[in-house]
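Just so it is clear, none of the values below were taken in a lab; they were calculated from the coordinates. Computed from a predicted structure; not experimentally measured.
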């Protein structure tokens, strides 16, 4: 999986990051008189700036692109809810409870 390590010894002072077979590196070298916590903090910031964790999580959880049918259904539902909201606001009857009740009716009508 993911291995992040901070190596701090007398001969080499750096932090790096590697991911399975791919190596996306965020390398930070220790400055003279820099403490180890400071080095690790700079490494964390560098990995955040490089969006390394974000890319790793994206690969960890396989995100499926919605099908064309699903996209169309969502668009239909979104437009129906916009129309409902406009209609209720125009009538001066808009409140959350009424909107949710009508929303359930629309979902049942479209089979969601």
Net lengthening on full extension, residue 49/residue 70 (0.36 nm per residue, minus Cα-Cα): 4.2 nm
For region 25-112, radius of gyration divided by Kirkwood radius, i.e. Rg to Rh on alpha-carbons: 1.38
Descending Cα extents along the principal axes, region 68-110, whole Å: 36, 17, 13
